[in-house]
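Working notes, beginning with the structure itself.
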Amino acid sequence: MTVTQEAPAIGSVELYQQVQQYYARQMQLLDSGRVEEWAQTFTADGVFAANAHPEPTVGREAIAKVAGQVVADYNERRIQRRHWLGMVNIERQEGGSVFARCYALVFETPHGGQAYVKASTTCEDELVHEGGEWLVKHRLITRDDLI
Amino acid sequence: MTVTQEAPAIGSVELYQQVQQYYARQMQLLDSGRVEEWAQTFTADGVFAANAHPEPTVGREAIAKVAGQVVADYNERRIQRRHWLGMVNIERQEGGSVFARCYALVFETPHGGQAYVKASTTCEDELVHEGGEWLVKHRLITRDDLI
Amino acid sequence: MTVTQEAPAIGSVELYQQVQQYYARQMQLLDSGRVEEWAQTFTADGVFAANAHPEPTVGREAIAKVAGQVVADYNERRIQRRHWLGMVNIERQEGGSVFARCYALVFETPHGGQAYVKASTTCEDELVHEGGEWLVKHRLITRDDLI
């Protein structure tokens, strides 16, 4: 992904497009099992929190480790996951951060089986622009079945 | 959402991005039960028509009232709805209006239960630009199971 | 769709928006059964390959014919298909081609019945810019249940 070195302003078409492209690439990395590259899409001190988890996961190493365990489990069961992030609402900018709220769906397909919706969630991100690219500084995933 | 005061031209990247951002915000308002704000995303004389309804709903007050009844019903049953509008095709501009046709999916998740696809529909909008923002002047929702 | 005559550069917001709009229009044509227009969204020598098909379909005539047979079958069974292409990751440009990888979901709704996810797939496209519009030169659809 080619991005400008300067972060574009909120409300700008550049910001919206960059976030869409960033989300697409980020989730394709996770669904392809490339967990080290996935972890690099967070800041070094990035936080992954979820209402389904007792504690947030903090930092790239921990984020890669947890994702790797989940990927291994899915691989063993031969289930392909696909994360869809959409309905992206860029809400506000504060300091150097952009706050976006979107919906996230997880679809799963067992090998030789039928695809289905696994979960419907909301995704609330604090994004920062470092070294010419967007990174998640804080992500909160809220599963709809748990609210 | 920051938008320019002038409506961008059809085919422009600004128009496409603004419609995407507008749809995301609009449907997040509805799914959050903020029905008064949802109604404000229509023009004062906005029309909400659907092949599932005998009569269209006309005007912000009526739109808010109907949405409020549906939200109350969902809340009572503890089901979280999520509307996804996507595959946005901006078709043409006529007078001051932009005509867009997109797909809309409704996902539902019961509290403690499993997410599922509730309905697949098409959404045909006439959008107008008033006071620096996009508003629906006429929306037609066509449920795929009724065609 | 109004597009500029020159293909926009990779990483540009114009390219991303044009591909999104192109995908929306393209899949709406297929889902509406307009198979001749659908075939025109491929290059004259366009290739449609899929891990579910023994051989790729090559050229507009063949692409229209195959699509027409599938549409006739769906019409007879009174099932409405909807193709959602999303999570668009524009990966690279090489020569005059743009390479994009996205996710594609198929939703189906039987007349009078319940909508469901039919299939989850990835879509890998080589796109070229001819006569002021984007066309698929090569598409590979990989169904998640067959990998």
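The values are calculated or read from the model by the stated rules, or taken from the named source; none is laboratory data. This is a predicted model, so every value here is computed, not measured. We place every Cβ from the backbone using ideal geometry, glycine too, and count neighbours over all the protein chains shown. Calculation scope for accessible area: heavy atoms of the full protein, side chains included, ligands and nucleic acids excluded. Shrake-Rupley method; radii C 1.70, N 1.55, O 1.52, S 1.80 Å.
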Comparing A:11, A:112, A:68, which has the greatest mean-square fluctuation in the GNM of chain A with Cα pairs linked when under 10 Å apart? A:112
Take the solvent-accessible surface of the protein heavy atoms, probe 1.4 Å, and return the percent of it on chain A that carbon and sulfur atoms account for. 49 percent
Give me the net charge of residue C:79's neighbourhood, meaning all other residues with Cβ under 12 Å from the Cβ of residue C:79; Lys, Arg count +1, Asp, Glu -1. -1
Using the 7 Å Cα-to-Cβ label point, sort the distances from residue C:95 to its equivalents in the other copies shortest first and give them in nm to one decimal. 4.9, 4.9
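Shape of chain C from its Cα gyration tensor (a ≥ b ≥ c, root eigenvalues): rounded if a/c is under 1.5, otherwise prolate when a/b > b/c, or oblate?
Prolate.
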Debye, to nearest 20: dipole size of the stretch C:13-146, +1 on Lys, Arg Cβ, -1 on Asp, Glu Cβ: 420 debye
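Considering every residue in B:84-96, what mean count of other chain Cβ atoms within 10 Å of its Cβ is obtained?
The shielding value for this peptide is 5.
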Is the protein assembly as shown rounded, prolate or oblate when judged by the Cα gyration tensor, a ≥ b ≥ c being the square roots of its eigenvalues, rounded requiring a/c under 1.5 and prolate requiring a/b larger than b/c? rounded
Between 0 and 90 degrees, rounded to the nearest ten: what's the tilt of helix B:13-31 against the longest Cα principal axis of chain B? 30 degrees
Report, for residue B:73, each distance to the same residue's label point in the other copies, shortest first and in nm; define the point 7 Å along Cα→Cβ. 3.7, 3.7
What residue among B:69, B:28, B:40 has the largest mean-square fluctuation in a Gaussian network model of chain B, using Cα springs under 10 Å? B:69
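Per residue, how large is the accessible surface of chain B? Use a 1.4 angstrom probe and give square angstrom.
Working: 6280 Å² over 147 residues.
Using a 1.4 Å probe on heavy atoms only, each residue of chain B averages 43 Å².
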Interface C/A, total buried accessible area with a 1.4 Å probe, nearest 100 Å²? 2300 Å²
Rounded to the nearest Å, the spacing of the alpha-carbon centers of the stretch A:20-96 and the stretch C:109-131 is 25 Å
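Residue by residue through C:138-145, how many Cβ atoms from other chains fall within 10 Å of the Cβ on average?
On the way: counts 0, 0, 0, 0, 1, 3, 12, 9.
Mean shielding by partner chains, rounded to a whole number: 3.
If you wrap a convex hull around the C-alpha atoms of the stretch B:83-129 and split its volume per residue, what is the figure in Å³? Don't skip to the answer; put the middle values down first.
On the way: hull volume 3.2 nm³, N = 47.
With only Cα atoms used, the stretch B:83-129 gives 68 Å³ per residue.
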Near the axis that takes chain B to chain C, which B residue has its beta carbon closest, and at how many Å? B:13, 3
Between C:100, C:44, C:52, which gets the highest mean-square fluctuation from a Gaussian network model of chain C, Cα cutoff 10 Å? C:52
Round to the nearest 10 and give me the degree value, 0 to 90, for the angle of helix C:60-77's Cα axis relative to the longest principal axis of chain C. 30 degrees
Inter-label distance for residue A:58 and residue B:49, nm, one decimal - labels placed 7 Å from Cα along Cα-to-Cβ: 5.7 nm
Run the label-point distances for residue A:54 please: 7 Å along Cα to Cβ, every other copy, nanometres, shortest first. 5.5, 5.5
